[in-house]
Amino acid sequence: MTLRLEEEKVDVHIFRKEHVEQWIAKARSGHEKARVCLWATRKWLEDLPTEYSACSCCDAPLSPDEPPQAFLVLIPVISDPETVSAKVGGICPECSKHENKWLLDKSLRRGSEVLSPL
Ligand SMILES: [Zn+2]
């Protein structure tokens, strides 16, 4: 799904831990976005103990003791493969029980990341 983040068009992916194997398989077969998703969420999890983060859908604080099982990953549509940057938003365990569409609707409605429809 493509949305707008400020002035930039971004691809929005829901990355779920339970699907990590599929993402890894995709990345291995040369799927660039899958590689970025894996890399960005791994980095985000490494930073979690030192950086305060809240759920992208409901504002619940996220804790490294119970790391999120789902993430919102935003990747610019037009990006330089050398400097590709992705934004990651953690989703709390309660919210990640819902389906992707619900998560997208919720995070859009909150507008925290100034995400908006195209
Ligand atoms: Zn939540």
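A few points about this structure:
- The one condition in (1) out of contact with any helix residue (DSSP H, G or I) (no Cβ under 7 Å at 6 or more places or on another chain); (2) surrounded by fewer than 19 Cβ atoms within 10 Å (Cβ to Cβ); (3) among the aliphatic types (A, V, I, L, M) that residue 24 fails to fulfil: (1)
- Residue check, residue 80 at pLDDT below 90, within 10 Å of the ligand (Cβ to nearest atom) and either assigned to a strand (DSSP E or B) or of a type outside the set (Ser, Thr, Tyr) (or both): no
- Region 86-112 - residue that is under 14 Å from residue 59 (Cα atoms) and assigned to a helix (DSSP H, G or I) and, of those, nearest to the ligand (Cβ to nearest atom): 95
- Taken over region 7-19, the criterion of being touching a residue at least 12 places away in the same chain (Cβ under 8 Å) and assigned to a helix (DSSP H, G or I) is satisfied by 17, 18.
The values are calculated or read from the model by the stated rules, or taken from the named source; none is laboratory data. None of the values given here were measured: they were computed from a predicted structure. Glycine gets a Cβ as well: all are built from the backbone with ideal geometry, and neighbour counts include every protein chain shown.
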